[in-house]
Amino acid sequence: MLQYKMINFIETETPIQICDIGASNIEKTDFIDELLDNTSSRIIGFEPNKEEFEKLNKNDPKRKYYNFGIGDGTEKILNICKSVGMSSFLEPDLDYLKNFHNFKDWSKIIKRTKVKTKKLTEIDDEIDFLKIDVQGYESEIINHGKDKIKDCLVVQLEASPTPLYKNEKTFAYTILQLEKLGFTLHMFNNVDTRSFKPTIIENNNRIGLHHLFQLDCVLIKNLEAINIYEVEKLKKLILIMFHSFKSIDLVDYLISLLDKKSNKNHIDEYRKIVPEVKFKKIY
């Protein structure tokens, strides 16, 4: 695995604003932690599950969490599943999930609780980096948060090529929603595959072979928009894409663009911290 030093020669005038929708500690968020640790940044997070909310780190001054959901602004029923990571405003689709190891058990609803939601557009904080992990409810958040999302620099959302929940919108539909807001799919931060029963790979029924189950999709604005970003936006995008995603080729492009706009020479310094990659001068 390639190791990189931090970018410490680019500083922003204002902190990078991260918004974490579905902020429970169930899934690893190293990509957010590294950004918080190495840059001027802060995070606001929303977690409607009271028990999971209580586990969040509220002592870090860079972190602020709220115990309500983001959605359409109405009261919702949160279906809490036996595997808490499957909990959702939607009900699991057992007709599909029963085809995979463990999911018939994990997706059992053990409790239903009423929770408050707010529209993303009701949140006052600006958002540079938006992360959405809400188990099938992504489309509703986007639908009621367009005016907020369109100004984000980066969006990461977890989506399933085949819906795992009843009434969940398809992966293609959700990506199209973001494309209409000017975003383009840049990379997958995580790809989760599962094996159809009864196949078991390497004696581990959690390992998949080819079938795509869930994807952490990272989207950025199209290049036409990025090319006219002002300097502060470019700096923030550079730091997010480097520290969170190690997208070193895109970062090279962005730093070269930044240098042109700011009359600086950061690109040589950058290329020294990624010596494993052979760069050609193409700009």
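Tabulated results
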quantity	calculated
Qualifying residues in segment 81-92 (those that are surrounded by fewer than 18 Cβ atoms within 10 Å (Cβ to Cβ) and in contact with a strand residue (DSSP E or B) (Cβ under 7 Å, 6 or more places away or on another chain)) - the one nearest to E122 (Cα to Cα)	E91
Candidate set: segment 61-80, residues that are outside any strand (DSSP E or B) and in contact (Cβ under 8 Å) with a residue 24 or more places away in the chain; chosen: the one surrounded by the most Cβ atoms within 10 Å (Cβ to Cβ)	G71
Residue match in segment 163-173 (condition: farther than 26 Å from D128 by Cα, out of contact with any Ser or Thr (no Cβ under 8 Å at 6 or more places or on another chain), charged (D, E, K, R) and modelled with pLDDT under 95)	no
Within segment 130-142, considering residues that are in contact (Cβ under 8 Å) with a residue 40 or more places away in the chain and outside any loop (DSSP other than H, G, I, E, B), the one farthest from I32 (Cα to Cα)	E140
Only listed residue being under 16 Å from the mean Cα position of the chain (by Cα), surrounded by 14 or more Cβ atoms within 10 Å (Cβ to Cβ) and not aromatic (F, W, Y), chosen from E168, E158	E158
Unmet criterion (only one of (1) loosely packed, with under 13 Cβ neighbours inside 10 Å; (2) over 20 Å from Q156 (Cα atoms)) for I7	(1)
Matching residues, segment 189-221, being under 19 Å from L164 (Cα atoms), polar (S, T, N, Q) and within 24 Å of the chain's Cα centre (by Cα)	N190, T193, Q214
Qualifying residue in segment 194-214 (condition: outside any helix (DSSP H, G or I), of a type in the set (A, V, I, L, M, F, W, C) and closer than 24 Å to K180 by Cα)	no
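For every residue, the table says whether it meets (1) touching a residue at least 12 places away in the same chain (Cβ under 8 Å); (2) touching a strand residue (DSSP E or B) at 6+ places or on another chain (Cβ under 8 Å); (3) of a type in the set (A, V, I, L, M, F, W, C).
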{"residue": "K166", "(1), (2), (3)": "yes, yes, no"}
{"residue": "P198", "(1), (2), (3)": "no, no, no"}
{"residue": "N205", "(1), (2), (3)": "yes, no, no"}
{"residue": "G208", "(1), (2), (3)": "yes, yes, no"}
{"residue": "D216", "(1), (2), (3)": "yes, yes, no"}
{"residue": "N227", "(1), (2), (3)": "yes, no, no"}
{"residue": "L234", "(1), (2), (3)": "yes, no, yes"}
{"residue": "L250", "(1), (2), (3)": "yes, yes, yes"}
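The values are calculated or read from the model by the stated rules, or taken from the named source; none is laboratory data. Note that the structure is predicted; figures quoted are calculated from it, not measured. Cβ atoms come from the backbone with ideal geometry, glycine included; neighbour counts cover every protein chain shown.
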